Amino acid sequence: MPPPSADTIMEDRVVIKVSVYYPYTPDNRFDFTYYCNEHMPMVKDRLGDACQGIAVDRGISAEAPGSEPLYAAVCHLFFNSVEDFGAAFAPHEKEIMEDIPNYTDIKPVIQISEVLINARRSEHGPFHLHLPDTTA
């Protein structure tokens, strides 16, 4: 089967990424076992089908190998819209936020972004660009 053409992989929908950053300090506490095995499954369950995907990163260094990372951890949650995120998160915000002390003493920083490119190594063809057509 040939790889999909650019016309079939381009999508008009907006994808939103909610990123939760946990800034690194040498004396911070972050329990990745609890976070990955308890907290994130609870978050995924509470957000339900509105959450299209989850990724969790553990910081290993900044730009120079062996240097301290900027973030101890980063979580990315994917949604079809900011409204979908808000509707899924609001009813469970208190429960989700109250669980934070169970895995860290770091105050998280949250950013909501519009995803412009979302590509996987196994996908063929051009990047999935989610940009408005400005040629018209």
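Here, each number is a calculation from the coordinates, and none is a lab measurement. Worth saying up front: this structure is predicted, and the values here are computed from it rather than measured. Backbone-built Cβ (ideal geometry, glycine too); neighbour counts: all protein chains shown.
Here's the list of lysines a cross-link from K17 could span, going by alpha-carbon distance under 19 Å and ignoring same-chain residues fewer than 8 apart: K44. When you count the other C-beta atoms within 10 angstrom of each residue and take the mean per peptide, 23-29, 75-81 line up highest first as 75-81, 23-29.
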